[in-house]
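Readers should treat all values here as calculations from the given coordinates under stated rules, not as data from a laboratory. Owing to the predicted nature of the structure, the values given are computational and were not obtained by experimental measurement. Note that we place each Cβ from the backbone using ideal geometry, even for glycine, and neighbour counts take in every protein chain shown.
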Amino acid sequence: MSKKNTYPVFYDPQSRRWGRFKRLTQVIAVVLSIICIAFFSTMLIDPGLPSLGLASGRTIQKVHHLWKATNQVLTVKPQTPSKGIKANTQSPVASSVSPTPKSEIIGFYVNWDDNSFTSLKHNISRIDKLMPEWLHLSTADGAIAVDDPVKQERTLTYIRQNRPKLPIMALINNYDSQTQSWNGEKLAQVLANPVARTRLIQQLQDFIRSNNLNGVNIDFENLPVASQSNLIVFMSELSKQFHPQGWEVSQSVPVDDPAYNYRALADLNDYLILMAYDEHYPSSKAGAIASQKWYAEKLRLRLAEVPANKYMIAIGNYGYDWQGTQTDGTEVSFQETLKVAEESGGQIHLDSTTLNPTFNYYDDQDKLHQVWFLDAITAFNEIVEAQTHGVRGFSLWRMGSEDPSIWSVLEQRTQLNSTVAEKLSTIQYGYDIDYRGQGEVLKVTATPKEGKREIKYDKQSGLISDHHLVSYPSPYVITRWGGDNKKKIVLTFDDGPDPRYTADVLDVLKKYQAKATFFVVGMNASANPDLLRRIVNEGHEIGSHTFTHPNIASTSPKQLRLEMNATERVFESELGIRSVLFRPPYAEDVEPSTPDQVAPLLFTGDLGYYTIGMHIDPGDWRNPDAAEIVKETIAQAVSGAGNIVLLHDSGGDRSQTVAALPKIIESLRERGFEIVPISNLLGLSRNALMPVIPDSEKMISEVSGTGFFLLNGFNSTLYYLFLIGIELSVMRLIFVGVLAIYEWHIRHRRLYDSAYSPSVSVLVPAFNEEKVICKTIDSLLRCRYPNFNIVVVDDGSTDDTYKRLLSNFGKHPQVKIFNKTNGGKAQALNYAIQLSDAEIVVTLDADTILRPNAIGKLTRHFINPQIGAIAGNAKVGNRLNILTYWQALEYVTSQNLERRAFGLLNCISVVPGAIGAWRRQLILKAGGFAHDTLAEDADLTLTLLQMGYKVDYDEEAIALTEAPDTVDGFLKQRFRWMFGTLQAVWKHRETLFRPRYGAIGMFAIPNVVLFQICFPLISPLMDLMMVQSICWTVWHKYQQPGEYTTQALSQVLPYYILFLSVDFLAAFIAFCLERKEDWSLLLWLIPQRFLYRQLMYYVAIKSVIKAIQGQIVGWGKLERKATVQ
């Protein structure tokens, strides 16, 4: 009765199939490797971009015709030199007071100048404490305002990462940013009100505590004389609250104000900071900021009242620029003074009377200016004077405006001699950027260089008595172009091309005959080459917006080079051109304000790119309505803000931008604006900005084109496989769910003949089952079916299986026990069938526990002569850990739910070995259980379907089986199932899509092929698509938290959520149909989908590889643990 003994399905003794597969794979791998190496090599080659030859935009203030070499143009009353200046400023060696061995250095820091942050990054290791201006007195009730929390957090993060132990003392002042003045009146009200003082102190405590700071600095200025006593009361209350908590209290006070009670304040503070500057100030007449004589006299005056160790001396490093004789000077940084002097021809000199540097110049309106400032030389002299008195230390006002050379003075403050003075002959460039010209087309045209000055050091006094400027230091120079005609407007679109919006934008531009410039993201351009070509073919210009849209401020030079080169290769391969135009994503550092921000612009400039800014930004990236976009664009254009408009055709919902575009064009033209591309703005041809690639480099473009084609093909394949997989899965779940509900409905209305009880043999093949076999037979003997026997075949076990069977059931009339040499499960079953004469045989795994009514539930269906087999309801009986919970969940939500639905269609593909009933004569007719597959049950099931019989399912015929509780055991079992199923499907492949075979060819085989074999093979790619989208979105959020896009995720997430929702709904239906199940299993559904499924991917891939290899695959016997309850 057995089928002829043949080789297993897929067996290839000569391994020819595997050899051919390997050779094909190797050829494909080699070809792809060559293409990939060549493709990525092109990314490393910088495209040769031409210079546009634009004129320098440098603006030089003219030298007045009355200019004199002596620079003495203003009539300013000279300060009388002190007869005793040398005695008052003698060197530390000549002093009777020994200098402090190590004095403290404090840096004042502000949020409102990015150069302050730059200075902090350069000099964080050189300061002992930081005093950031982070707090302002807000209202008269004592409330405080925090100055720019975002920048504050950025600064704190940087300090914690680079010098976490640096003490930070928050500075609070009463400066009113609205009126740009010190609000002494409001301060007086707060100090006079005990409730307001208490609130102020409490808020200061809260701020210090919440930010883990070390103390506070009080900088209250312009205080009425009458409020000085209240200030002392406040400082007393503040110290009493702060000092017990270990917090430092200090106060900044003017060096020369008789209203201040320095002695009383010194007693209340840990120390006072003497602001030893502003001898002349913006509202005074022009003059020295801190003349050496004035400084020395005021310092001695203060030291006569308070011990030196209670004073920090604040050293100024800034200047004031007064126009003529007016008293409205403006503050300037050290670098700004040098820039003005260089461009105007002003001659900086050290005033011999004050030892402060100064110069005069005429501006471009012939207005005479006088500039006085403080620098490293004045700091040298001031520290020399202060060191003789043994002061506590020095504070720099302020970081960001200083002469960078001052740090060498501060570092060597205890040994300020001629050697240190000579080092000041090198003038370091500062923290500002020199912009020249006008417009929004930018490029770095000069890099920093140091300047020189000749120093004259006076050994007797220990001071620098004179200096002569030899050459100016130069910062980064960024030249602007394109701003000459404010009536020309350029419309630019970032982030595309996008199939959703770019075509609409192009349609509008075509309708209005307007030309624009598109800054495209390389990967979008590569994915939408038709749109890219349309942009250029319709006369518009293109520029690079990088390849993946990163934040270039945090991008390494290597990555940025690849980003730029990759985008150029897209242009070359698709258009045969290049572009010299570039706009950074997120507008990051388009117009840098500090040297730290110049690096990306410098790097892209070295590659040959011109960076395109955008002074007209209607904020369409925030998704306002169309009317708002139009209003903002027109308002900014009319105000003369700039020439270039920033709009977007991708990166989010851009429907409002598309809707606004016609009105923008109409409104601009109505107001006399001309809409032009960037080439017109610069007075150049379109080809100058987008040159054609030379013939010698066309091979590179072809290689790039091939690489992008393959890359896009892979990404598109991923995307469409994802969509197809999700859609098919959703349709299948809905289909199965509906059929299962219908099956449940009609089954409960079905009537069975209770008198029908055909003879039954329960066949139990056993191999090394000593731990479980007795429990299984016991469960069978408890069955209530009246007419059955048990046939147990020991298939050559090497343990005590046979002995235990004989010992426990050898004399039982219902149990027949046989022993044979090992031949496999199929042979054992066929052997048992030969020994049985029953009409129905029930096959059972040796680890399975049968419910008492299970046999009767199975056999009642066979009254229908068309029934060939009945699948029982197998459940996991050993729910011990997460793996067995997942399997229990799978049995309910997948296997059993499918059998309900497919039973209606007569396409159940497998009657499980754990519990199934078969019509014995049909088994014999089919040739018995075949041994050429590992899934003999699936093979026989498909055979019966092919023979035209019906296979059905009974949910009440329950058997508890032992599932693997280790990953290794699980993988072995599922590999056997998957490989065996693959064998069975291949064996019955002739039925595929052949209607004459009925449901087996139209549903059963396609279902197995698609959802049990192919789907697990492509599912890793689907998951990869989802993971890629999530990573892409997270990366963009990391790059730019405020402006990141979720477009990539939004393209796949809704489908994935839909799939999970329908999947969960199907699982819910499955449990509703099996109400006695443990509903808590549903809690494991989500982790099962993300973890358990990955194991099935591995099994599927391994099965396909083994099939190709053609080796004989063993059964993979699992260890039995007898854990079924």
Query raised in the report: For the chain, what is the relative contact order in percent, using Cα pairs closer than 8 Å and at least 6 residues apart in sequence?
Result: 10
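Please give the FRET efficiency for residue 674 paired with residue 161, using the beta carbon to beta carbon distance and R0 = 51 Å, rounded to the nearest 0.05.
Efficiency computed from Cβ-Cβ geometry: 0.55.
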Report task. Using just the helices of the chain, give the 222 nm mean residue ellipticity in deg cm²/dmol: DSSP H runs with n ≥ 4 each add -39,500 (n - 2.57), and the total is spread over all residues, rounded to 500. Result -> -12500 deg cm²/dmol
Query raised in the report: Under a 5 Å amide H to amide H cut-off, with H placed in plane at 1.01 Å, what residues pair with residue 478 once short-range neighbours are removed?
Result: 434, 435, 436, 445
Report task. Please sort 155-161, 106-112 by packing, taking for each peptide the average over its residues of neighbouring beta carbons within 10 angstrom, highest first. Result -> 106-112, 155-161
Report summary line: Expressed in nanometres to one decimal, the distance between label points 7 Å along Cα→Cβ at residue 112 and residue 537 is 5.6
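Rounded, prolate or oblate for segment 410-463? Axes are the square roots of the Cα gyration tensor eigenvalues, ordered a ≥ b ≥ c, and the cut-off for rounded is a/c under 1.5.
prolate
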**Report entry** Reported label for calculated log10 I(q)/I(0) by the Debye sum over Cα atoms at q = 0.09, 0.10 Å⁻¹ given (i) -1.24, -1.44; (ii) -1.05, -1.18; (iii) -1.31, -1.72
**Finding:** (ii)
Report summary line: For segment 657-673, in residue order, the Karplus 3J(HN,Hα) values (coefficients 6.51, -1.76, 1.60; θ = phi - 60°; whole Hz; Gly and Pro = x) are 5, 4, 5, 7, 4, x, 5, 4, 5, 4, 5, 5, 5, 4, 9, x, 7
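Using only Cα atoms, figure out Rg for segment 314-401 and give it as a multiple of 2.2 N^0.38 Å.
After normalising by residue count via 2.2 N^0.38 Å, the value is 1.19.
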Requested in this report: For segment 592-708, just list the percent of Cα-Cα distances falling in each 10 Å bin from zero outward, please.
Outcome: 11, 28, 31, 23, 7
**Report entry** Charge sum, other residues only, whose C-beta stays under 15 Å from residue 998's C-beta, Lys/Arg counted +1 and Asp/Glu -1
**Finding:** +1
Query - Formal net charge of residues neighbouring residue 657 (Cβ-Cβ distance under 10 Å; K, R +1; D, E -1) - result: -3
Report task. Specify the inter-centroid distance of segment 754-811 and segment 582-607, based on alpha-carbon positions, in whole Å. Result -> 80
Report task. Determine the percent antiparallel among the DSSP beta bridges restricted to the chain, to the nearest 5. Result -> 35
Report summary line: Residues whose built amide H sits under 5 Å from the amide H of residue 312, excluding neighbours closer than 5 in sequence, are 272, 273, 274
Query raised in the report: Roughly how many debye, to the nearest 20, is the charge dipole of the chain about its Cα centre, given +1 on each Lys and Arg Cβ, -1 on each Asp and Glu Cβ, and no other charges?
Result: 4860
Report summary line: Sorted on mean Cβ neighbours within 10 Å (highest first), peptides 37-50, 117-130 come out as 117-130, 37-50
Query raised in the report: What is the helix-to-structure angle for 16-44, meaning the angle in degrees between its Cα long axis and the longest Cα principal axis of the chain, kept from 0 to 90 and rounded to the nearest 10?
Result: 10
Requested in this report: Take each of the peptides 629-635, 826-832, average the number of other beta-carbon atoms within 10 Å over its residues, and list them starting from the highest.
Outcome: 826-832, 629-635
Report summary line: Here the equivalent ellipsoid of segment 482-690, derived from its Cα gyration tensor, has semi-axes (largest first, whole Å) of 25, 19, 17
Query - Amide H partners (placed H, <5 Å) of residue 317, local residues excluded - result: 397, 398
Query raised in the report: Residues with beta-carbon under 14 Å from that of residue 161, excluding residue 161: net charge, scoring Lys, Arg +1 and Asp, Glu -1?
Result: +4
Report summary line: Relative to the chain, whose Cα atoms define the longest principal axis, helix 376-387 and its Cα axis are tilted in degrees, nearest 10, by 80
